[in-house]
Amino acid sequence: VTLRGRSVAIFNVDGKLYALRDSCPHRGAPLSCGVLTGGSVSAPTPGHYVYDSTRRLLRCPWHGWEFDLETGQSWIEAQRLRVRSYEVAVEAGEALLDANIELADISEGSSMVPGPYRAETFDISVDGAYVVVDI
Ligand code: FES
């Protein structure tokens, strides 16, 4: 959706809502065209990979950089990039959530490093039949 001139990508993953600015901080690709995937975690031995389908990573459609859907944190080995993310919840009524969220460290046990960039994120909620994005 476009809200006050800003493109916001809203994702509904198994009933949980996420909102990210629809612009990759690398070169501006529309993240709404990205692919949702899981992520790898540390493996017991070199050359082996363990796939964690519970991680919510969004892969940019242009160059494949991956961002945590909830925090916007990028996870690119040896590079540092972050997309800004927004805390999202479904609330009955107009309760809004605090946009100041802590960076989730999903790198524990991983060789991936967090990046310095963060895409703009927005509070989002559901009010009756409407999805409400607070810009
Ligand atoms: S534009 Fe997203 S990774 Fe390059």
*Pro46 within 13 Å of the ligand (Cβ to nearest atom) and either open to solvent by 20 Å² or more (accessible area, probe 1.4 Å) or part of a loop (DSSP other than H, G, I, E, B) (or both)*: no
*Give the residues of the stretch 17-31 that are touching a helix residue (DSSP H, G or I) at 6+ places or on another chain (Cβ under 9 Å) and in a strand (DSSP E or B), sorted by residue number.*
Leu20, Arg21
*Among the residues of the stretch 17-36, how many are on the phi > 0 side of the Ramachandran plot and surrounded by 19 or more Cβ atoms within 10 Å (Cβ to Cβ)?*
0
_Looking only at residues that are of a type in the set (S, T, N, Q) and either at pLDDT 90 or above or in contact with a Lys or Arg (Cβ under 6 Å, 6 or more places away or on another chain) (or both) in the stretch 32-72, which one is nearest to Val88 (Cα to Cα)?_
Ser32
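The values are calculated or read from the model by the stated rules, or taken from the named source; none is laboratory data. Small disclaimer: the values here were computed from a predicted structure and weren't measured. Note that each Cβ is placed from the backbone with ideal geometry, even for glycine, and that neighbours are counted across all protein chains shown. Side chains included, ligands, DNA and RNA excluded: accessible areas come from the protein's heavy atoms. Shrake-Rupley method; radii C 1.70, N 1.55, O 1.52, S 1.80 Å.
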